[in-house]
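A.B. asks: This is the structure, below, for whatever I ask next.
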Amino acid sequence: MHKIDIELVEMTMDVMKYAIDRLSSTQSKIGKPKSEAKLKELIGETVTGKGVGGEYAFNLWKKHLMKATVPVDHPRNLAFVPASPTRASIMFDLVTSASSIHGAYWMEGAGGIFCENEAMRWIVSLTGLPEGAFGVFTSGGTAANLSAMVTAREHWRKNDAFKREKGLIITSIGAHSSIKAMAKVIDVDVLLVDTEDRLRGEELQNAIKNLTESERKRLFSVVATGGTTNAGIIDDLKGIAAICEKENLWFHIDAAYGGGALAADSVRHLFNGIEKADSITIDPHKWMFSPYDCGAVIYKNPELAKQAHSQEGSYLDIFKDEGSQGFNPTDYQIQLTRRVRGLPLWFSLATHGTDRYKEAVERGLELAQIAGKLITEDPNVELVREPSLSCVLYRRIGWQPEDYTNWTYENHRKGFALVTPTKWKNGDTFETVSRFCFINPDTTEQDIKLILDSMV
Ligand SMILES: *Cc1c(COP(=O)(O)O)cnc(C)c1O
């Protein structure tokens with residue numbers, strides 16, 4: 001190696017100090033984007049022939065660029081699906097980077113993949129899937145859904161009768177946009193059952209009954225949602241499972257957001273039927289307190305995923321010793337070269353224990369109930385529906401869509417809170433309403449009160 005470079009040591013200390021400051025600060029403001037032109041004006045040229053130097057570039061980051069990002073873990077960031085990575089997981093994300101591990105093959109990544117698999121075993125145990133079920137960490141829910149849909153389609157196409165058929169899947173309008181987007185990627189059609197509320201077995205059965213003969217032939221999978229992103233609604237997994245079994249359809253459950261709630265005893269029963277799934281998506285970077293990015297796809301029969309995804313490069317057959325043989329994450333999802341992105345989760349689970357995860361998820365559920373109560377007591381606002389998982393939809397009585405937009409903008413401008421409106425289907429029309437999604441267990445009742453009080 002080269003002699004130790006004093007500048008490099010200083011840079012390392014600076015970066016560590018930044019990371020520690022960022023991890024320990026609880027009162028940070030919520031950053032806000034600026035236009036690209038405005039950022040360019042502030043930053044100037046940074047990628048040049050000779051470089052501008054790490055210290056200079058890092059100062060630009062701290063002074064301007066970092067402030068033009070929205071911290072997803074802020075306790076008053078309740079927009080979309082926020083996040084709240086544990087300190088242990090963030091610290092181990094740094095270790096993951098520093099260790100330069102290629103996470104596609106056991107041969108190169110054994111130590112890291114071993115840890116990922118320990119964490120995965122816990123996640124799989126939450127689902128109640130039978131012995132033999134297993135999964136792999138992906139870049140997120142979208143990649144997990146895609147990996148599962150490819151597996152389902154390839155499995156279906158093993159039958160000569162379907163080799164040349166274009167596939168069809170059924171889901172509901174409550175499903176996440178990534179289901180439709182990934183259906184495009186694999187060129188299958190999607191039939192949407194017209195309910196944003198809980199998709200029930202009978203509705204699915206009716207949808208199947210109404211298919212033409214050729215559509216029925218093309219139907220190979222049903223996608224249910226285990227916690228809709230918009231409202232936290234869990235489909236009737238048990239009823240849907242029974243129909244999938246009867247109709248011989250692949251049953252995928254997208255629990256990217258809601259999956260964390262499998263750890264919470266108070267709501268676990270709402271997921272009954274999940275143990276019948278053929279595949280499940282869960283995003284540890286949403287409600288399992290992992291840093292971005294970390295999704296997971298789990299299969300009842302991982303061998304089917306391997307048949308669909310294994311890339312089998314001929315240059316991979318050279319490793320003969322026993323230690324190099326093992327679980328190859330690349331075989332079970334779409335990506336080859338990959339970060340061992342389950343490693344931070346493993347370290348955090350090992351540090352805190354799974355009980356703490358249960359408690360942290362229960363707190364998110366409790367915050368939704370607290371918000372529901374505060375909304376009921378406040379004459380300015382009313383619930384659109386009862387809180388479900390950690391999502392709360394409510395309206396400010398008398399507000400028009402632009403009032404919500406202005407309010408969101410004002411709170412964000414002040415660095416106070418990020419709460420964004422959404423739409424909820426009300427009869428035949430879509431109503432603009434306000435929405436909370438709780439993930440961060442450090443959000444307080446006072447935070448919620450202050451946000452509601454700002455709706456004057
Ligand atoms: C967030 C989400 C996704 C997409 O996951 P990414 O990690 O953003 O790719 C898919 N499905 C549901 C239900 C989600 O909430």
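A.B. asks: Specify which of the listed residues (V185, V190, V124) is within 15 Å of the ligand (Cβ to nearest atom), in contact with a strand residue (DSSP E or B) (Cβ under 9 Å, 6 or more places away or on another chain) and β-branched (V, I, T).
C.D. replies: V190 is the lone residue from the list that is within 15 Å of the ligand (Cβ to nearest atom), in contact with a strand residue (DSSP E or B) (Cβ under 9 Å, 6 or more places away or on another chain) and β-branched (V, I, T).
A.B. asks: From the list K29, K50, exactly one residue is within 30 Å of A417 (Cβ to Cβ) and open to solvent by 80 Å² or more (accessible area, probe 1.4 Å). Which is it?
C.D. replies: Among K29, K50, only K29 is within 30 Å of A417 (Cβ to Cβ) and open to solvent by 80 Å² or more (accessible area, probe 1.4 Å).
A.B. asks: Could you tell me whether any residue of the stretch 392-404 is closer than 15 Å to A261 by Cβ, surrounded by 17 or more Cβ atoms within 10 Å (Cβ to Cβ) and within 25 Å of the chain's Cα centre (by Cα)?
C.D. replies: Scanning the stretch 392-404 turns up at least one residue that is closer than 15 Å to A261 by Cβ, surrounded by 17 or more Cβ atoms within 10 Å (Cβ to Cβ) and within 25 Å of the chain's Cα centre (by Cα).
A.B. asks: Looking at this structure, is E154 farther than 24 Å from G273 by Cβ, more than 16 Å from the ligand (Cβ to nearest atom) and assigned to a helix (DSSP H, G or I)?
C.D. replies: Spelling it out, E154 is indeed farther than 24 Å from G273 by Cβ, more than 16 Å from the ligand (Cβ to nearest atom) and assigned to a helix (DSSP H, G or I).
Yes/no per residue for (1) in contact with a strand residue (DSSP E or B) (Cβ under 9 Å, 6 or more places away or on another chain); (2) in the same structural domain as T444 (by TED's automatic domain parsing); (3) touching a residue at least 40 places away in the same chain (Cβ under 8 Å):
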{"residue": "P71", "(1), (2), (3)": "yes, no, yes"}
{"residue": "A79", "(1), (2), (3)": "yes, no, yes"}
{"residue": "S100", "(1), (2), (3)": "no, no, no"}
{"residue": "C115", "(1), (2), (3)": "no, no, yes"}
{"residue": "S139", "(1), (2), (3)": "yes, no, yes"}
{"residue": "T142", "(1), (2), (3)": "yes, no, yes"}
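A.B. asks: A further question on this structure: State whether the residues of the stretch 347-363 include one that is touching a residue at least 12 places away in the same chain (Cβ under 8 Å), of a type outside the set (D, E, K, R), open to solvent by 70 Å² or more (accessible area, probe 1.4 Å) and outside any helix (DSSP H, G or I).
C.D. replies: No, every residue in the stretch 347-363 fails to be touching a residue at least 12 places away in the same chain (Cβ under 8 Å), of a type outside the set (D, E, K, R), open to solvent by 70 Å² or more (accessible area, probe 1.4 Å) and outside any helix (DSSP H, G or I).
A.B. asks: Now for a separate question. Quick one: in the stretch 231-249, of everything that is within 16 Å of the ligand (Cβ to nearest atom) and open to solvent by less than 10 Å² (accessible area, probe 1.4 Å), which residue is nearest to the chain's Cα centre (by Cα)?
C.D. replies: Only one residue tops the list, namely G232.
A.B. asks: Being part of a loop (DSSP other than H, G, I, E, B), over 29 Å from C437 (Cβ atoms) and open to solvent by 10 Å² or more (accessible area, probe 1.4 Å) is true for just one of D265, D197, D187. Which residue is that?
C.D. replies: Step by step, each of D265, D197, D187 is checked, and only D187 is part of a loop (DSSP other than H, G, I, E, B), over 29 Å from C437 (Cβ atoms) and open to solvent by 10 Å² or more (accessible area, probe 1.4 Å).
A.B. asks: How many residues does the stretch 163-179 hold that are more than 22 Å from I243 (Cα to Cα) and within 11 Å of the ligand (Cβ to nearest atom)?
C.D. replies: Count: 2.
A.B. asks: Please state which one of L270, L336 is in a helix (DSSP H, G or I) and either touching a residue at least 24 places away in the same chain (Cβ under 8 Å) or touching a Lys or Arg at 6+ places or on another chain (Cβ under 7 Å) (or both).
C.D. replies: L270
A.B. asks: Which residues, counting only those in the stretch 421-446, are under 18 Å from H176 (Cβ atoms) and open to solvent by 70 Å² or more (accessible area, probe 1.4 Å)?
C.D. replies: Those that are under 18 Å from H176 (Cβ atoms) and open to solvent by 70 Å² or more (accessible area, probe 1.4 Å): K423, F430.
To keep it simple, each residue is scored yes or no on (1) touching a Gly at 6+ places or on another chain (Cβ under 9 Å); (2) among the aliphatic types (A, V, I, L, M); (3) farther than 30 Å from D453 by Cβ.
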{"site": "M13", "(1), (2), (3)": "no, yes, yes"}
{"site": "G51", "(1), (2), (3)": "no, no, yes"}
{"site": "F58", "(1), (2), (3)": "no, no, yes"}
{"site": "A79", "(1), (2), (3)": "no, yes, no"}
{"site": "A88", "(1), (2), (3)": "no, yes, yes"}
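A.B. asks: Please count how many residues of the stretch 250-262 are without any contact (Cβ under 8 Å) to a residue 60 or more places away in the chain and more than 14 Å from the ligand (Cβ to nearest atom).
C.D. replies: Final tally of qualifying residues: 1.
A.B. asks: Among the residues of the stretch 53-70, are any assigned to a loop (DSSP other than H, G, I, E, B) and under 28 Å from the mean Cα position of the chain (by Cα)?
C.D. replies: yes
A.B. asks: Working only within the stretch 205-227, note down all residues that are hydroxyl-bearing (S, T, Y) and touching a helix residue (DSSP H, G or I) at 6+ places or on another chain (Cβ under 8 Å).
C.D. replies: Selection gives S221, T225.
A.B. asks: Further, regarding this structure: Hey, could you check the stretch 208-230 for residues that are within 15 Å of the chain's Cα centre (by Cα) and part of a loop (DSSP other than H, G, I, E, B) and say which is farthest from the ligand (Cβ to nearest atom)?
C.D. replies: Taking the candidates together, the pick is N230.
A.B. asks: Right, something else. So is G109 open to solvent by 40 Å² or more (accessible area, probe 1.4 Å), out of contact with any helix residue (DSSP H, G or I) (no Cβ under 6 Å at 6 or more places or on another chain) and either in contact (Cβ under 8 Å) with a residue 12 or more places away in the chain or assigned to a loop (DSSP other than H, G, I, E, B) (or both) or not?
C.D. replies: Answer is no for this residue.
A.B. asks: Mind listing whichever residues of the stretch 417-456 are outside any loop (DSSP other than H, G, I, E, B) and among the aromatic types (F, W, Y)?
C.D. replies: W424, F430, F436
A.B. asks: I've got another one for you. If L418 satisfies every condition in (1) over 23 Å from the mean Cα position of the chain (by Cα); (2) open to solvent by less than 40 Å² (accessible area, probe 1.4 Å) but one, which is the exception?
C.D. replies: (1)
The values are calculated or read from the model by the stated rules, or taken from the named source; none is laboratory data. Everything numeric in this text was worked out from a predicted model, so none of it was measured. Glycine also receives a Cβ, built like all others from the backbone with ideal geometry; neighbour counts cover every protein chain displayed. Heads up: the accessible areas ignore ligands, DNA and RNA and are worked out on the full protein's heavy atoms, side chains in. Shrake-Rupley method; radii C 1.70, N 1.55, O 1.52, S 1.80 Å.
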